[in-house]
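What follows is a single structure, written as structure tokens, with notes after it.
The values are calculated or read from the model by the stated rules, or taken from the named source; none is laboratory data. These numbers come from a predicted model, not from an experiment. A quick note on method: Cβ atoms are made from the backbone with ideal geometry, for glycine too, and the neighbour counts reach across all protein chains shown. These accessible areas exclude ligands, DNA and RNA; they are computed on the full protein's heavy atoms, side chains included. Shrake-Rupley method; radii C 1.70, N 1.55, O 1.52, S 1.80 Å.
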Amino acid sequence: MAVNMTRIPVREQEALVRAENFDEVCLGYSEEEAVQEASRCLHCAKPLCVQGCPVSINIPDFIEEVKNRNFKKAYEIISESSALPAVCGRVCPQESQCEGKCILGIKGDPIAIGKLERFVADWAMENDVRPTASEEKRPEHVAVIGSGPAGLTCAGDLARMGYQVKIFEALHEAGGVLVYGIPEFRLPKDTVVAHEVENVKRLGVEIETDAVIGKSITIDELMDEEGFDAVFIGSGAGLPKFMGIPGEQANGVFSANEFLTRNNLMRAYMGYDTPIHAGKRVVVVGGGNVAMDAARTALRLGAETHIVYRRSEKELPARVEEVHHAKEEGVQFHLLNNPVEILVSDNGWVRGVRCIRMELGEPDASGRRRPVEVEGSEYDITADTVIMALGTSPNPLISSTTKGLDTDRRSCIVAKESNGETTRPGVFAGGDAVTGAATVILAMGAGKAAASGIHEYLQKNKKHS
């Protein structure tokens, strides 16, 4: 039977409509659409898509169950590997991971693996299908620092093994970057994120919020005084980077981290009493997913929005889908341009950005062609708000208050890639705290690996105690 080489399209809000609201852009598959898309899968004997998944979901098997309309079984298969399927189905860069490996993608469209994962997770949510808690209860206690994707994954996996797990979250709401960083129109908070967090709690995981490790309590105290046998650090990378150019201290210059946190976690877009300044004309500096999120958020707050990025569109690190959505909604792109100064009015507020045009030279250490300034090409963009979306690094609070925990020159915790083991015995780490800012699914993969490492460490110590 001939295989349909074209994927079933996914319904979305119209661009001009969604640009004025914070409702989810993608509407997902219906049951019939999901079954049709799943029916395209070749169910390869050696599935490369699984190799492309950082948490190794058995993709062909779950898709086969969708094709057979056995959605509960499909959810059970996904849940064996992923604690956050409704999240991953929405925000993972499938095009460069699982879908990027799909054989059908050679001559046609790859299977819409992410959209099928989202369908299954949403079906389970609507039908109150939950992951099953472990009947085995081990005596060991594990502390998890941070309730973002790495922490939730590590905690969920350890709970399934029977360990007693407690998450310590610095903010007042669990979810990490899922609640403060990713906008509502990409990842709904009260439905999707809250549901996924609740599923982890149903596995037996306890979550304590407003607990700043390094201030409220240290890792040393958790292990030496509170009786935790191991610790996982999944505290993310929340320290924003700036360019260090003139005028950067002016009123109206924000990090994307602050701008998105005020809007997402603190609900500024809903009219909550949360100060947020979008202005009438916003310039976002950067080209990653965070830059797209900041620009599309500012647009929805009523601003004319511009993105300035120093390389070409080919080098944009953001997901192709996010760039496409941003353009559809009216975000204006200034590619091969770079800010050299923030222009400041007499009253101390931003009045514009002075940029210089760039051209691409030889590749740099990242493998991308290095941007080079074009002499004498400076020009000004009028703006009253500038948002810097240049990446983040880990806050050094935890490492500076923990004995024997090594960090590198970027303040990232030094840990083995295979299992997250750090230089401090019994302490493991993963996600952005180790790598610097990266994707949700890579953080989940690190949390999963660390859970296995912690299990091995605890069993080894038990044998020798």
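Points worth noting:
- Region 367-381, subset under 18 Å from S312 (Cα atoms) and in contact (Cβ under 8 Å) with a residue 40 or more places away in the chain, residue most open to solvent (accessible area, probe 1.4 Å): R369
- The set of residues in region 213-227 that are open to solvent by 50 Å² or more (accessible area, probe 1.4 Å) and part of a loop (DSSP other than H, G, I, E, B) comprises K215, S216, E225, E226.
- Here region 1-41 is the region considered, the condition is being of a type in the set (D, E, K, R) and touching a strand residue (DSSP E or B) at 6+ places or on another chain (Cβ under 6 Å), and the residue that is farthest from L187 (Cα to Cα) is R11.
- Restricting region 38-90 to residues that are of a type in the set (S, T, N, Q) and in a loop (DSSP other than H, G, I, E, B), the residue that is surrounded by the most Cβ atoms within 10 Å (Cβ to Cβ): S82
- In a residue-by-residue description of region 269-286, the property of being open to solvent by less than 50 Å² (accessible area, probe 1.4 Å), without any contact (Cβ under 8 Å) to a residue 24 or more places away in the chain and over 29 Å from A451 (Cα atoms) applies to at least one position.
- If you check K327, K314 for being without any contact (Cβ under 8 Å) to a residue 24 or more places away in the chain and touching a Phe, Trp or Tyr at 6+ places or on another chain (Cβ under 8 Å), only one passes: K327.
- Region 317-336: number of residues that are at pLDDT below 95, open to solvent by 20 Å² or more (accessible area, probe 1.4 Å) and not acidic (D, E): 2
- Residue within region 140-148 that is farther than 14 Å from I78 by Cβ, of a type in the set (D, E), modelled with pLDDT of 95 or more and not in a helix (DSSP H, G or I) present: yes
- Any pair with Cβ under 9 angstrom, 6 or more apart, that starts in region 96-107 at a residue that is closer than 13 Å to I59 by Cβ and open to solvent by 30 Å² or more (accessible area, probe 1.4 Å) and ends at one that is part of a helix (DSSP H, G or I) and of a type in the set (V, I, T): K101/V50
- Residues satisfying the stated conditions in region 14-37, i.e. crowded, with 16+ Cβ neighbours inside 10 Å and assigned to a loop (DSSP other than H, G, I, E, B): A19, F22, E24, V25, Y29
- Evaluation of E126 against (1) of a type in the set (D, E); (2) in contact (Cβ under 8 Å) with a residue 24 or more places away in the chain; (3) more than 28 Å from A438 (Cβ to Cβ); (4) open to solvent by 60 Å² or more (accessible area, probe 1.4 Å) (one fails), failing number: (2)
- Residues that are part of a strand (DSSP E or B) and open to solvent by 30 Å² or more (accessible area, probe 1.4 Å) were ranked within region 228-252; the one that is nearest to N347 (Cα to Cα) is N251.
- Against the test of being touching a residue at least 40 places away in the same chain (Cβ under 8 Å), assigned to a loop (DSSP other than H, G, I, E, B) and under 25 Å from E226 (Cα atoms), the options L171, L152, L187, L158 yield a single qualifying residue, L171.
- Checklist (1) touching a Lys or Arg at 6+ places or on another chain (Cβ under 7 Å); (2) open to solvent by less than 80 Å² (accessible area, probe 1.4 Å); (3) at pLDDT 95 or above applied to V427, failing item: (1)
- Annotation: A194 fulfils all but one of (1) closer than 27 Å to M266 by Cα; (2) in contact (Cβ under 8 Å) with a residue 24 or more places away in the chain; the unmet one is (2).
- Residue count for region 377-407, restricted to those that are in a loop (DSSP other than H, G, I, E, B) and farther than 21 Å from A449 by Cα: 13
- Qualifying position, being open to solvent by 80 Å² or more (accessible area, probe 1.4 Å) and either more than 18 Å from V282 (Cβ to Cβ) or touching a residue at least 60 places away in the same chain (Cβ under 8 Å) (or both), among D364, D346, D384: D346
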